[in-house]
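What follows is one structure encoded as structure tokens, with my remarks underneath.
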Amino acid sequence: MSWTFTSDGGFAAGAWSPDEDSWSVTTVGVLRDGTLTSSKNVWAQPNEDSLSWKSVNRTKGDTALPDMQEVVL
């Protein structure tokens, strides 16, 4: 489990689970105005020198949001 708190009063909880070669975090949250949010965040290590993150299946209230482009560090 993980928790995120924003400075404006929003918060979210994430349930972590291992996948074949990554970790997924299924997250549900509430914005400051009470709007519900959700997403699936995927963390992977494509090689020993990098780490990647992407956020998919995102929602804000009843609205589906586009997936975020993968970020590689």
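The values are calculated or read from the model by the stated rules, or taken from the named source; none is laboratory data. Just so it is clear, the model here is predicted, and its values are computed rather than measured. Note that we place each Cβ from the backbone using ideal geometry, even for glycine, and neighbour counts take in every protein chain shown. Surface areas here come from the heavy atoms of the whole protein model, side chains and all, with no ligands, DNA or RNA. Shrake-Rupley method; radii C 1.70, N 1.55, O 1.52, S 1.80 Å.
Observations on the model:
- Subset of the stretch 1-24 (residues that are of a type in the set (A, V, I, L, M, F, W, C) and closer than 20 Å to Thr35 by Cβ): Trp3, Phe5, Phe11, Ala12, Ala13
- In the stretch 1-37, residue farthest from Ala64 (Cα to Cα) [restricted to those that are acidic (Asp, Glu) and touching a strand residue (DSSP E or B) at 6+ places or on another chain (Cβ under 8 Å)]: Asp21
- The stretch 1-16, residues that are under 16 Å from Trp43 (Cβ atoms) and open to solvent by less than 50 Å² (accessible area, probe 1.4 Å): Ser2, Ala12, Gly14, Ala15
- Checking Asp67, Asp19, Asp49 one by one, the residue that is under 14 Å from the mean Cα position of the chain (by Cα) and among the acidic types (Asp, Glu) is Asp67 and no other.
- Looking across the stretch 17-73, the residues that are among the small types (Gly, Ala, Ser) and open to solvent by less than 60 Å² (accessible area, probe 1.4 Å) come down to Ser17, Ser22, Ser24, Gly29, Gly34, Ser38, Ser39, Ala44, Ser50, Ser52, Ser55, Gly61.
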